[in-house]
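Notes for the one structure printed next.
The values are calculated or read from the model by the stated rules, or taken from the named source; none is laboratory data. These numbers were taken from a predicted model, which means no experiment stands behind them. As a convention, Cβ positions derive from the backbone with ideal geometry for all residues, glycine included, and neighbour counts pool all protein chains shown. Each accessible area value is taken on the protein alone, full model and side chains, heavy atoms only, with ligands, DNA and RNA left out. Shrake-Rupley method; radii C 1.70, N 1.55, O 1.52, S 1.80 Å.
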Amino acid sequence: MQITEPVTMLTDYGRGGASLLFGLFLWMHFGPKNRTTIRLWMLCFAGVCIAALVGGTYHGFASYFSDSGLRELWNVTIYSSGFAGGSVVSAAIASDVSSRKLGRKWLTAGTLVTFAGIAIQQTGFRHGAAFNHNDVYHVIQIAGLYYFFKCAGVGEDRRVS
């Protein structure tokens, strides 16, 4: 079996695994004060997990798919990423992070790390033949996901007045 981009596939699958674990850990933190917020964060991590696993398959097994099959895999990857991004914004709006300094710090750190990873990815950075800009982004994004996980763990639903 020929793997097209093994490091990219592995870092993407690692990102998917981290997202799955973060989502499962959040499920255990369900409570009366964070029902909406935790659900939105879990949707975020589910979206990232799907995007990462499908993206890893795209990068790792490209030679086994037709052009239309690759296009479909990539579409699922992009739509899942967009869904995850929308879930982050929704979770931040639904959460009362404005009054919880720690939650706001984790949210800010996750956002900054994510944008730093995206910026590096867009440069086309390469470190040797096997480690490229996508791999760097995947590794950095795992750190960003950890910060989002920490934010979700301390967040509470916004009170309706």
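Brief remarks follow.
- Seen from Val160, the other residues with C-beta closer than 14 Å to its C-beta sum to a net charge of +1, counting Lys and Arg as +1 and Asp and Glu as -1.
- Using the Karplus relation 6.51 cos²θ - 1.76 cosθ + 1.60 with θ = phi - 60°, the per-residue 3J(HN,Hα) values for region 74-84 come to 5, 4, 4, 4, 5, 5, 5, 5, x, 4, 4 Hz, with x marking Gly and Pro.
- Surface accessible to a 1.4 Å probe, per residue, for the residues of the chain, Å²: 55
- Where labels lie 7 Å past Cα in the beta-carbon direction, separation of Arg159 and Tyr146 in nm: 3.4
- C-alpha long axis of helix 6-27 to longest principal axis of the chain, angle in °: 20
- Within the accessible area of region 26-87 (1.4 Å probe), percent carbon and sulfur: 67
- The modelled label-to-label distance between Leu102 and Ile3, using points 7 Å beyond Cα along the C-beta direction, is 3.8 nm.
- When a 1.4 Å probe is rolled over the protein heavy atoms, the share of accessible surface on region 93-161 that falls to carbon and sulfur comes to 65 percent.
- FRET E, pair Gln122, Ile78, Förster distance 22 Å, beta-carbon r, rounded to 0.05: 0.90
- Among the listed values [x] 17.3; [y] 16.2; [z] 18.2, the one computed from these coordinates for Kirkwood radius over Cα pairs in Å is [y].
- A Förster radius of 45 Å, combined with the Cβ-Cβ distance separating Phe25 from Ala129, puts the computed FRET efficiency at roughly 0.80.
- 0 to 90° range, to nearest 10: angle between helix 35-60 axis and the chain longest Cα axis: 10
- Once the Cα atoms are used to define both axes, helix 133-154 deviates from the longest principal axis of the chain by about 20 degrees.
- Euclidean distance of C-alpha centroids, region 127-161 and region 41-73, integer Å: 18
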